[in-house]
Each structure stands twice: as C-alpha cells, then as structure tokens.
1. Note down the nm distance, to one decimal, between modelled labels 7 Å out along Cα→Cβ at Ile15 and at Asp205.
2. With angles folded into 0 to 90 degrees, how steeply does helix 65-85 sit against the dominant principal axis of the chain? Use alpha carbons for both and round to 10.
3. Mind listing the phi-derived Karplus ³J(HN,Hα) values for segment 300-309, rounded to whole Hz, using 6.51, -1.76 and 1.60 with θ = phi - 60°, and x for any glycine or proline?
4. Provide the gained length on full extension for the span Phe335 to Ser233, in nm with one decimal, where the gain is 0.36 nm per separating residue minus the Cα-Cα distance.
5. Specify the angular offset, from 0 to 90 degrees and rounded to the nearest 10, of the alpha carbon long axis of helix 172-186 from the longest principal axis of the alpha carbons in the chain.
6. Alpha carbon centre of segment 177-245 versus segment 255-280: separation in Å?
7. Springs between alpha-carbon pairs under 10 angstrom, Gaussian network model over the chain: which of His116, His231, His279 fluctuates most?
8. Could you rank the peptides 124-130, 261-267 by their average count of other C-beta atoms within 10 Å per residue, with the highest value first?
Amino acid sequence: MDPKPNDKRSVLTWIEDRVNLTEIISFLSVFGLLPSELDSRKRVREALGEVMRRPLPSYARWPHVLGILSFILFLFLGLTGTMLAFYYQPTADVAYSSVTLIARDVAFGGLIHQVHYWAAVLFLLVLGARVIRFFFTGLYARGREAIWMVAVLTFVFATIADMTGRLLPWDTAGYWTTIRAREVTDALPILGPITAFLVGGSGLDSLVLTRYYVLHIAVFPLILVLLFYIHFSSVRRVGLSRVDRAPGTRSLRVAMYDLLLLVLFMVGGLITFAVLLPHSFGVVADPFTTPPDAHPPWYLLAPHALMEAFPAFVPKFLRGLIPEIMLAAVLFLPFLDPESGSGTRRRLFRNVGIGVLLLWVVLTVAGWRLEVGR
Ligand code: HEM
C-alpha cells in the first residue's frame with residue numbers, strides 16, 4: 001500500500017502507510033473480542049467497518065457471555081496485578097510490608113489490592129459456572145472435545161493461579177491457607193510431586209515465595225492465555241452448539257455496546273464488593289503459630305473432606321488417587337460419552353453429573369465443618 005503524495009493526510013493514515021494496523025488489531029479476534037478476522041489487506045477503518053456491519057452468529061449472546069466475561073476478568077486481573085507488581089516485593093522479610101504499603105500509602109493502592117482479590121473470586125465462579133453450563137448443554141459431544149477439556153483445564157489452572165496469589169501478601173491467613181492447601185495437594189499421588197517439583201519442596205520460605213510469585217505473575221497467566229486462545233479458536237471452528245451456528249440479526253456494533261455495559265457492570269460490582277466487603281490481610285505470617293481457623297481454600301475443601309472420609313487403614317496413596325481419578329473422569333468426559341448421550345444415556349449422564357455436583361457441594365460443606373465448624 002504505497003502512500004499517495006497529494007493525499008490529505010491524518011495521523012492514522014501516516015501510521016498506516018508504515019505499519020499494518022489492521023493486522024495488529026485483528027489480533028483481538030484471536031481472543032473472541034472480534035467475532036471474525038479482519039481483512040488485513042484493507043485499511044483499518046474499512047476493515048473494522050465491514051466487521052461491525054456483519055451479523056453475528058447467534059451464539060454471541062447471553063448465556064454464552066460467560067466465556068468473554070471470564071476473559072475480560074482475566075485481563076482485569078492482569079492489569080490490576082501489574083499495578084500491584086510495581087510495589088510488591090516477593091521476599092519473606094518485606095512482602096507483608098510491601099502489601100501494607102500498597103494498601104495504606106499508595107494512591108488507590110487499597111482499591112486495586114481489593115478489586116484484584118474480588119476479581120479472582122469472580123473469575124473462578126464464572127469459570128466454574130461455564131463448565132457446569134457446558135455439561136448441561138452437552139457441549140462436550142464429538143467435535144467439541146477441545147472446548148470441554150480446555151474449559152475444565154482453565155478452571156483448574158485458575159484455581160492454581162489463585163492459590164499462588166494467596167501466599168504473596170505473606171499474612172497469617174494467606175500463609176496458613178497455603179500450608180493447608182499444600183497438605184491436600186501433597187497427598188495427591190500424581191499432582192503432588194509435580195507441585196512440589198515446581199515450587200521446590202513442601203516448606204514455605206523466602207525462595208519458595210519468590211517461586212510462587214514467578215508462577216503467579218508469569219507461568220500461570222501464560223498458560224491461561226494459551227488456554228483462552230485455544231478456546232476461542234475452537235469456538236470459531238465448531239461453534240458453541242449445533243443450533244447456534246446460524247447467523248443472528250445483531251451486528252458487532254450492538255454487541256460491542258453490550259460488551260461495554262458488561263464491563264461497566266463488572267467493574268462496578270467489583271468496586272462495590274471491594275468497598276462493602278473488604279478482604280482483610282491480617283497480621284504478618286507467623287510460621288510457629290497455627291491459627292485455629294486455618295483451612296484450605298474453598299475449592300480444595302471437597303477433595304480434602306473426601307480423603308479424610310476414608311478409614312485410617314486405607315493407604316494414603318489410594319485416598320489421594322480417588323480425587324485424581326474423578327478429575328480425570330471430568331476432563332475426559334467427551335471420550336466416556338462421545339455423543340453427549342441421547343435418550344436414556346443422556347439422562348444417565350445428566351443424573352451422574354447432578355450427583356457429582358451435589359457430592360461436591362456436600363463435601364465442601366463437610367470440609368468446611370471439619371476445619372472451621374469444629
Ligand atoms: C498477569 C497476571 C497477574 C499479576 C501480574 C498478578 C499480581 C499479583 C500481585 C503482585 C499480588 C500481591 C499483591 C497483593 O496481594 O495485593 C497478587 C495477589 C493475588 N492475586 Fe494476582 N496477579 C495476576 C493474576 C492473577 C490471577 C489470574 C488470579 C486468580 C485466578 C490472581 C489472584 C490473586 C490473589 C487471590 C491474590 C492475593 C490477594 C490477597 O490475599 O490479598 N491473580 N497478584
């Protein structure tokens with residue numbers, strides 16, 4: 001695209017003569033923020049105008065919004081996390097005072113610290129709800145295995161990212177939640193050794209804190225970006241369901257307004273939670289005094305209660321294997337029920353799913369009572 005010498009030139013045109021902006025912006029489509037690729041041979045205004053007018057497939061609306069909402073929450077976590085990282089110091093002697101500094105002295109630091117925490121809570125809930133929705137709409141049938149497996153893995157990696165974040169403030173609650181979480185993961189015969197290898201042992205010291213930090217701000221976010229990328233590219237290839245592939249009547253312009261509203265509601269909700277229910281980070285961690293209410297994070301209460309439910313004569317290895325087998329069964333569900341069932345088979349899988357979900361809730365409550373309600 002050669003510049004025309006007598007063209008009335010804007011800054012945008014000047015840049016576009018030198019850089020292919022359309023190609024750069026088309027990157028947004030990779031993460032579902034634009035439903036189709038931009039024609040990178042065209043100038044950005046023309047290419048965007050085309051996409052804005054194109055009718056969207058009807059899957060681009062509620063409740064399918066959980067995917068894009070989870071990705072926006074992830075971006076929000078990245079943004080607020082990066083702001084926190086400007087002041088946070090990942091060594092045991094200063095981590096707590098650096099978070100105290102963020103919360104008390106840095107302008108808007110307290111708010112950023114709080115919304116990062118609440119965004120993490122919402123992120124996990126949205127990802128969990130997405131897996132449940134995919135299950136009940138049969139979104140794991142032949143052809144959509146990747147969508148299902150990626151959704152499950154995204155939830156699992158998000159919980160691990162959350163777990164690594166909890167240690168960072170180096171306060172009593174975070175420190176002891178991590179110790180208790182490690183007790184649960186160490187009891188898992190396959191995942192336990194992998195975790196121990198990643199962070200270098202079972203103890204928690206300054207070096208381990210630094211490793212948690214690297215995992216938290218680099219390794220797991222990268223894994224999550226990759227999983228989101230696979231999710232959106234798989235959705236573009238196979239759609240979210242057979243019936244929803246037909247083009248709808250809404251254009252991208254309308255969908256963008258909806259997206260903007262969604263973001264405003266999300267940020268408003270997070271700030272409301274941050275102000276009304278601030279998450280306190282307590283006093284500095286004391287490795288020698290276990291607080292009476294130290295418990296694993298909520299997503300580990302169920303496997304913890306399950307392992308504790310077995311009588312003492314059942315070997316530890318076997319107790320740990322059961323939650324891992326259950327996780328593997330969930331992950332590989334598309335291969336257990338490739339047609340996502342029909343008739344009786346569908347009912348059977350649906351009932352088993354409801355049973356597993358109820359069991360999860362009951363075990364979570366049992367785990368909570370075991371730890372806190374004693
Ligand atoms: C690029 C992405 C991210 C960066 C750079 C980042 C950075 C940080 C930093 C520096 C802290 C310590 C400061 C503080 O506690 O205020 C922190 C804490 C935390 N992060 Fe992240 N984070 C990222 C993504 C995530 C994700 C994806 C999750 C959850 C799934 C998450 C959950 C948490 C949690 C729960 C805390 C502890 C908050 C507390 O207890 O006070 N973060 N993060």
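Readers should treat all values here as calculations from the given coordinates under stated rules, not as data from a laboratory. This is a predicted model, so every value here is computed, not measured. Cβ placement follows ideal geometry from the backbone for every residue including glycine, while neighbour counts extend to all protein chains displayed.
1. Simple spin-label model gives 5.0 nm for this pair.
2. For helix 65-85, the angle is close to 70 degrees.
3. Each residue of segment 300-309 in turn: 9, 5, 5, x, 4, 5, 4, 5, 6, 5 Hz.
4. Extra length from Phe335 to Ser233 when fully extended: 34.6 nm.
5. Relative to the chain, helix 172-186 is tipped by roughly 80 degrees.
6. Segment 177-245 and segment 255-280 have Cα centres spaced 25 Å from each other.
7. Per the Cα network of the chain with a 10 Å cutoff, His279 tops the list.
8. 124-130, 261-267
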